[in-house]
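Student: Let me begin by handing over the structure; questions about it come next.
The values are calculated or read from the model by the stated rules, or taken from the named source; none is laboratory data. Given the structure is predicted, the values throughout are model-derived calculations rather than measurements. Glycine also receives a Cβ, built like all others from the backbone with ideal geometry; neighbour counts cover every protein chain displayed.
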Amino acid sequence: MEEHHRKLSRVVPRTDIRTLPPAGRTIDRLVELPMNREEVRTEASRCLNCDEICDICVTVCPNRANIAYRILPALPKIRKIIIRNGDHKIVLDESFAIEQKYQVLNIADLCNECGNCTTFCPTSGRPFADKPRVAVTGESYRSLETGYRIKGDSILYKENGENYVLKRSGHEYTFKTTDAEILLDKGFNVLEVNNRNSGDKEIYLRNAVKMRIIKDAMEERYPLLTE
């Protein structure tokens, strides 16, 4: 990531295309000459590998509200809990692919939604709104419709009027929803389900996985903001 940012900080002009002089141009000759080996290497070195890491929104944010973090690409097995007539069963849910090593999140307390990241986004995105939003203070968290907040060993998340809590205790996690409290091991296998409300329901653990990813990222990049 550091080498990527060094490349972003330098303007390297493109390699000039060599052309035939006007006097030597005929109908059967190329006007623009192909690059030689050294020119090809020089031009290739200008590549910023945007398919692997694109964090322009990080570098153009005047408040440093967008931050990049590393995560290993993976295809974790996501489970859901189906509760029927007071009994539950655990089944596999749709896959949740983490395809890129470098990801970006937004610190809501630092962001004034100026839109600078939107202006420079090469994929026409709105990074300040599209990326996961993390609040540092309770006031900031309450102002968000969707977002995260870390409080000690717990991380809070709200979405579509629903509130979730994921708490780490040693090598285990407790995931709380409106309907249930679920005990998970470090591999997010379900150890115990406590139904909090009667009725049939399905509880998805996708949010718990996302909450763990965000919490780990914040603890690595901004440990002082997670205490």
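Student: Taking the condition within 30 Å of Asn112 (Cβ to Cβ) and not in a loop (DSSP other than H, G, I, E, B), does Lys167 pass?
Tutor: No: the conditions fail for Lys167.
Student: Mind counting the residues in the range 114-139 that are surrounded by 13 or more Cβ atoms within 10 Å (Cβ to Cβ), of a type outside the set (Val, Ile, Thr), within 18 Å of the chain's Cα centre (by Cα) and in a loop (DSSP other than H, G, I, E, B)?
Tutor: 5
Student: Does the range 143-161 contain any residue that is part of a loop (DSSP other than H, G, I, E, B), touching a Lys or Arg at 6+ places or on another chain (Cβ under 6 Å) and not aliphatic (A, V, I, L, M)?
Tutor: Checking the range 143-161: at least one residue is part of a loop (DSSP other than H, G, I, E, B), touching a Lys or Arg at 6+ places or on another chain (Cβ under 6 Å) and not aliphatic (A, V, I, L, M).
Student: In the set Ala23, Ala97, Ala74, Ala108, which member is in contact with a helix residue (DSSP H, G or I) (Cβ under 7 Å, 6 or more places away or on another chain) and among the small types (Gly, Ala, Ser)? Explain how you work it out, then say what you get.
Tutor: Values: Ala23 fails: in contact with a helix residue (DSSP H, G or I) (Cβ under 7 Å, 6 or more places away or on another chain); Ala97 fails: in contact with a helix residue (DSSP H, G or I) (Cβ under 7 Å, 6 or more places away or on another chain); Ala74 fails: in contact with a helix residue (DSSP H, G or I) (Cβ under 7 Å, 6 or more places away or on another chain).
Sole residue among the options that is in contact with a helix residue (DSSP H, G or I) (Cβ under 7 Å, 6 or more places away or on another chain) and among the small types (Gly, Ala, Ser): Ala108.
Student: Kindly list, by first and then second residue, each pair from a residue in the range 105-134 that is in contact (Cβ under 8 Å) with a residue 24 or more places away in the chain to a residue that is of a type in the set (D, E, K, R), limited to pairs with Cβ atoms under 6 Å and residues at least 6 apart or on different chains.
Tutor: Taking only residues 6 or more apart or on different chains, the pairs are Leu105/Lys131; Asn106/Lys131; Asn106/Arg133; Ala108/Arg133; Phe128/Glu113.
Student: Further, regarding this structure: If you take the residues in the range 49-65 that are assigned to a loop (DSSP other than H, G, I, E, B) and either touching a Leu at 6+ places or on another chain (Cβ under 7 Å) or without any contact (Cβ under 8 Å) to a residue 40 or more places away in the chain (or both), which one is surrounded by the most Cβ atoms within 10 Å (Cβ to Cβ)?
Tutor: Out of the qualifying residues, it is Ala65.
Student: Here's something else I'd like to know. If you check Ile81 against the conditions, is it at pLDDT 90 or above, surrounded by 12 or more Cβ atoms within 10 Å (Cβ to Cβ) and hydrophobic (A, V, I, L, M, F, W, C)?
Tutor: So Ile81 passes the test.
Student: Then there's this: Quick check, is Lys201 farther than 30 Å from Thr59 by Cβ, of a type in the set (D, E, K, R) and touching a strand residue (DSSP E or B) at 6+ places or on another chain (Cβ under 7 Å)?
Tutor: Working: farther than 30 Å from Thr59 by Cβ: yes; of a type in the set (D, E, K, R): yes; touching a strand residue (DSSP E or B) at 6+ places or on another chain (Cβ under 7 Å): yes.
Here the answer is yes, as Lys201 does meet what is asked.
Student: Name the pairs whose Cβ atoms lie under 8 Å apart, with the first residue in the range 20-48 and without any contact (Cβ under 8 Å) to a residue 40 or more places away in the chain and assigned to a loop (DSSP other than H, G, I, E, B), the second surrounded by fewer than 10 Cβ atoms within 10 Å (Cβ to Cβ) and not small (Gly, Ala, Ser), and 6 or more positions between them or separate chains?
Tutor: Listed pairs, sorted by first residue: Leu20/Arg29; Leu20/Leu30; Arg46/Arg14.
Student: Being over 20 Å from Ile78 (Cα atoms) and out of contact with any Pro (no Cβ under 6 Å at 6 or more places or on another chain) is the requirement here; does Asn197 meet it?
Tutor: Considered against the rule, which asks whether it is over 20 Å from Ile78 (Cα atoms) and out of contact with any Pro (no Cβ under 6 Å at 6 or more places or on another chain), Asn197 comes out as yes.
Student: Being of a type in the set (Lys, Arg), out of contact with any Asp or Glu (no Cβ under 6 Å at 6 or more places or on another chain) and exposed (fewer than 14 other Cβ atoms within 10 Å of the Cβ) is true for just one of Arg142, Arg149. Which residue is that? Step through it out loud before you land on a result.
Tutor: On the way: Arg149 fails: exposed (fewer than 14 other Cβ atoms within 10 Å of the Cβ).
Result of the check over Arg142, Arg149: Arg142.
Student: Additional query: From the residues in the range 87-99 that are in contact (Cβ under 8 Å) with a residue 12 or more places away in the chain and either surrounded by 14 or more Cβ atoms within 10 Å (Cβ to Cβ) or in contact with a strand residue (DSSP E or B) (Cβ under 7 Å, 6 or more places away or on another chain) (or both), which one is farthest from Leu191 (Cα to Cα)?
Tutor: Per the stated criteria, the residue is Ile98.
Student: For residues that are modelled with pLDDT of 95 or more and among the aromatic types (Phe, Trp, Tyr), scanning just the range 157-195, find the one that is surrounded by the fewest Cβ atoms within 10 Å (Cβ to Cβ).
Tutor: Only one residue fits best here, namely Tyr164.
Student: Now, a different point. Which one is nearest to Arg6 (Cα to Cα) among residues in the range 20-43 that are surrounded by 10 or more Cβ atoms within 10 Å (Cβ to Cβ) and hydrophobic (A, V, I, L, M, F, W, C)?
Tutor: It comes out as Val40.
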